[in-house]
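Structure, as structure tokens:
The values are calculated or read from the model by the stated rules, or taken from the named source; none is laboratory data. All figures in this text were calculated on a predicted structure; none of them were measured in a lab. Cβ: placed from backbone, ideal geometry, glycine included. Neighbour counts: every protein chain shown.
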Amino acid sequence: MVLNNTVRVLFLSDTHLGFDYALRPRVKRRRRGPEFFEAARRALEPARRGEVDLVVHGGDLLFRSRVRPWLVARALEPLLEVAERGTPVFVVPGNHERGRIPFAMLAAHRNLHIFDRPRSFVQKVGAVRVCLSGFPSRGRKVRSEFAGLVEKTRWRNEKADINLLCIHEAFEGATVGPSDYTFTYSPDTVRAADLPEGFDAVLAGHIHRHQVLSSDLAGRELPCPVIYSGSTCRTSFAEAGEQKGYVLVDLAPGRRPAHTFRRLYSRPMVTVELNCSDPEAPNIGLQVERELRRCPPDAIVRIRLRGRPQEKDLRFLRADFLRRVAPRGVSVQLCRNTIGLLRSLQERGHTRADAAKPACGHAHRRFQRERDSARRTEP
């Protein structure tokens, strides 16, 4: 689909396939795993429709480094489908692919190419020669090794009209999280000064927020834009306010690349605070049900406690109780400080896990009576 020597690249990254996914789940609840696979498939739709010339995956295809072969095969399905249709696919091994991922299995198709070491691939698209160079994620070694790794790809030896650097690293100036943390001077951050002249764009994974870097920390213009597509799904509450999707990059020899961010739907993330300190507040069970009713129907809800719970409150924070009262389609979890607080109470003998289990059914019936009584008194 080359028009006026323009090459279109579909760039996605950090799909984290396998997250919260169980082949044979022991507990019946809504898991997030299928939505990660669905997001990856939706991101690849333009490639399946033949609307792009190349596909680049910026790394962290999988949710962790040690996974079973069936999950690798399942994660490869959408990429192999695109490759089978004739569109070349290039994959950067991220920090989640540094373990026992079988690269031979990943590179099982002539149109599927893996940056399993510093290397370059030259792809002819119409009359345009595109050189894609890259290397696997180096993590905390990247600052000291980046310049050498780029040279090891031997990209300067290739004759190409367009040069792309495909990596899975954090660059100086990239921002993440609700407080806009900025990567600066650390061993796991690439120095902007080490980015050589000659590349048309850097397609980078690892940072989950979509952003395009055009200058360094001092405001000096970079030799080329550093494009982060961001993750295709929200993987944590730190990303609750971020849009997720993929990027279409249009490149032509001698012209600055143009990019378009295509948004993907992400389930809303909601944090609910429960009041444990006010003696006049409803019991925790009533607060849980009231707050869950107010959430969007497909929300991912995180519960945070304000104050210190009493032993009688803990039964309403058990996973089976939360699943029982949550509306269909709503996922509920406890935030880390709440989990730590509950564990500390158990360790100190405030509650006994073996006694809590048989009490759960009775606790729910008691909660229902209190809830019905509270509803009757509502104006």
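Working carefully through the options ARG110, ARG64, find the one that is more than 22 Å from the chain's Cα centre (by Cα) and either modelled with pLDDT under 95 or under 20 Å from TRP155 (Cα atoms) (or both). Can you show your working first?
Details: ARG64 fails: more than 22 Å from the chain's Cα centre (by Cα).
Among ARG110, ARG64, only ARG110 is more than 22 Å from the chain's Cα centre (by Cα) and either modelled with pLDDT under 95 or under 20 Å from TRP155 (Cα atoms) (or both).
Anything in the stretch 40-64 that is farther than 23 Å from LEU165 by Cα and either in contact with a Lys or Arg (Cβ under 8 Å, 6 or more places away or on another chain) or not in a helix (DSSP H, G or I) (or both)? List them, or say none. Working first, answer last.
Of the stretch 40-64, the ones farther than 23 Å from LEU165 by Cα are 41-42, 45, 48-50, 63-64.
Residues satisfying the conditions are ARG48, ARG49, GLY50, PHE63, ARG64.
Do any strands (runs of 3 or more DSSP E) lying entirely in the stretch 158-268 carry at least 3 residues that are of a type outside the set (Gly, Ala, Ser) and buried (at least 23 other Cβ atoms within 10 Å of the Cβ), and which ones are they?
The qualifying strands (runs of 3 or more DSSP E) are 162-168, 221-228, 244-251.
I'm told GLN287 meets every condition in (1) in contact with a Leu (Cβ under 6 Å, 6 or more places away or on another chain); (2) in contact (Cβ under 8 Å) with a residue 24 or more places away in the chain except one. Can you identify the failing condition by its number?
(2)
Hey, can you tell me all the residues within the stretch 35-56 that are among the aliphatic types (A, V, I, L, M) and more than 20 Å from the chain's Cα centre (by Cα)? Please lay out each step first, then the result.
Restricting attention to the stretch 35-56, the residues satisfying the condition of being among the aliphatic types (A, V, I, L, M) are 39-40, 43-44, 47, 52, 54-56.
Those that are among the aliphatic types (A, V, I, L, M) and more than 20 Å from the chain's Cα centre (by Cα): ALA47, VAL52, LEU54.
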